[in-house]
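Before any comments, here is the structure.
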Amino acid sequence: GGRGAAVDLEGIPMGREAILGAVVGQHLRTLTESVRMQTVTTGGYHQVLVEVHSARKSLKGLIKDEAPVHSLLDELVASAAQRCPMPSPLSKEQMHALCAVSTQ
């Protein structure tokens, strides 16, 4: 078996930042669609808030163009809020406490 024809990758962003951004973007789209197909409890909504907050911090500087990823994270939070009968926001203090617990 041969290797087949060469593929021209001109114009396709390559590199660690571009690949990571594409993978994260695809994952967030899939996760958002999953959230849209179910009812989310208030605890589940809070979990989404904590995970999104942590993701924003963790991905900072790892992705070349962060704007599309932040937009997808915003979309995930909005979808979780729409699918939650009683979405209640977390205070800054609650968010920091939950993020500290989630990293232990």
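What is the distance, in nm, between label points placed 7 Å from the Cα along the Cα-to-Cβ direction at Gln82 and at Thr39?
Modelled inter-label distance: 1.8 nm.
Be a star and scan the stretch 29-54 for residues whose amide nitrogen sits under 17 Å from the point 7 Å along the Cα-to-Cβ vector of His70.
Under cut-off, by backbone N: 52-54.
Please state the relative contact order of the stretch 17-102 as a whole percent: Cα pairs under 8 Å, 6+ residues apart? Could the numbers behind the result be given before it?
Numbers: 73 pairs, mean separation 41.2, N = 86.
Reported as a whole number, the value is 48 percent.
For Lys92, which lysines qualify as cross-link partners when the Cα separation must be under 19 Å and same-chain residues fewer than eight apart are set aside?
Partners found: Lys57.
Please report how far the C-alpha centroid of the stretch 69-104 lies from that of the stretch 16-63, rounded to the nearest whole angstrom.
The distance from the Cα centre of the stretch 69-104 to that of the stretch 16-63 comes to 10 Å.
So if each residue of separation counts as 0.36 nm, and I subtract the Cα-Cα distance between Met14 and Ala100, what length gain in nm does that give? Intermediate values should be presented prior to the final figure.
Details: separation 86, 0.36 × 86 = 30.96 nm, distance 3.43 nm.
Full-extension gain reported as 27.5 nm.
Tell me, what ³J(HN,Hα) does each residue in the stretch 45-59 have, in order and in whole Hz, if you take phi through Karplus 6.51 cos²θ - 1.76 cosθ + 1.60 with θ = phi - 60° and put x for Gly and Pro?
Here the 3J(HN,Hα) series is 5, 4, 4, 4, 4, 5, 5, 5, 4, 5, 4, 4, 5, 5, 8 Hz.
Keeping all protein chains in position, work out how much accessible area Met14 exposes to a 1.4 Å probe, and write it in Å² to the nearest 10.
120 Å²
The values are calculated or read from the model by the stated rules, or taken from the named source; none is laboratory data. Just so it is clear, the structure is predicted and the values come from calculations on it, not from any experiment. Backbone-built Cβ (ideal geometry, glycine too); neighbour counts: all protein chains shown. Just so you know, the surface numbers come from the protein's heavy atoms only, side chains and all, with ligands and any DNA or RNA stripped out. Shrake-Rupley method; radii C 1.70, N 1.55, O 1.52, S 1.80 Å.
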